[in-house]
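I'd like to ask you about the structure that follows.
The values are calculated or read from the model by the stated rules, or taken from the named source; none is laboratory data. Keep in mind that this is a model prediction, so the values were computed, not measured. Neighbour counts are summed over all protein chains in view; Cβ atoms, including those assigned to glycine, are modelled from backbone coordinates with ideal geometry.
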Amino acid sequence: MQTTRIKICGIASVADAESAAAAGADLLGLIFAPTSPRRVERDLARQIVAATRGRCQTVGVFQDAPVEAINAVVAAVGCDFAQLHGRETAAMAGDIARPVIRAIIVTAEASEAEVAAWAMADNVAHLLFDRPKGATGAGWLSELGRLWAAAQATAIGRQSFLAGGLSPANVAEVVKRWRPFGVDVASGVESAPGRKDAERMRAFCRAVRGCGLSTASARGTRP
């Protein structure tokens, strides 16, 4: 058993990676999607991986990239996981050279069948449920409940991350309510897009650890 995993995404400097590792992050997200303000180049990503190896696992985040491009980047950089955040198909996962984290955007259009297909696909290690951009209020939470229940019926679904609007102020409540395998944060611990705030990262990790909840260890992760 282990405590809720913490993924800090959008790491864009070695200094921020070091601060995230010192704060207690388990995974660091390196974004390679070309339109993201948190995008990193391969050379910098390689430096981040080297600086935190043995302390944090690293996740290459992609959106609608071909399999060949994903495999080239994760091999060159040394990422532990590849996160798919676009219109990729579940059939692609088996061809990717690292265990896959599949992002599910929580909308009314997202189906339980889609969740099940990804949860049962070859080489998928985790699902990550993310709030749609611009979503506010409680409306999206009812959709999350529907999709979350479908995920929990599968082994991989029970190793799911929650993301979207998390911060040091609300993450403990989210962990206690949903008991996710892990939580994912980006803007909630930033002073500006792509620039992490060391104290906010520490506060976020303290809030998660303070919940005292444990989850089963995951397929595809190191002990």
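Output the number of the condition that ILE101 fails; it satisfies all remaining conditions of (1) touching a residue at least 40 places away in the same chain (Cβ under 8 Å); (2) farther than 24 Å from VAL189 by Cα.
(2) is the only condition that ILE101 fails.
Yes/no per residue for (1) buried (at least 19 other Cβ atoms within 10 Å of the Cβ); (2) part of a helix (DSSP H, G or I):
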position	(1), (2)
ALA135	no, no
SER142	no, yes
GLY145	no, yes
TRP148	yes, yes
LEU162	yes, no
GLU173	no, yes
ARG177	no, yes
PRO180	yes, no
VAL183	yes, no
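Same structure again: With region 5-98 as the region, which strands (runs of 3 or more DSSP E) entirely inside it contain at least 2 residues that are buried (at least 22 other Cβ atoms within 10 Å of the Cβ) and out of contact with any Lys or Arg (no Cβ under 7 Å at 6 or more places or on another chain)?
5-9, 27-31, 57-62
If you don't mind, there's one more thing I want to ask. From the list ALA218, ALA169, pick out the single residue that is assigned to a loop (DSSP other than H, G, I, E, B), modelled with pLDDT of 95 or more, more than 15 Å from ALA23 (Cα to Cα) and of a type in the set (Gly, Ala, Ser).
The conditions single out ALA169.
Also, I was wondering about something else. Can you report the number of residues in region 51-76 which are under 17 Å from the mean Cα position of the chain (by Cα) and acidic (Asp, Glu)?
Count: 1.
OK, next. Just to be sure I understand, how many residues within region 100-133 are buried (at least 19 other Cβ atoms within 10 Å of the Cβ), in contact with a strand residue (DSSP E or B) (Cβ under 6 Å, 6 or more places away or on another chain) and in a loop (DSSP other than H, G, I, E, B)?
So the answer is 1.
Among the listed residues ARG46, ARG38, which satisfies the condition of being in contact (Cβ under 8 Å) with a residue 40 or more places away in the chain and among the basic types (Lys, Arg)?
ARG38
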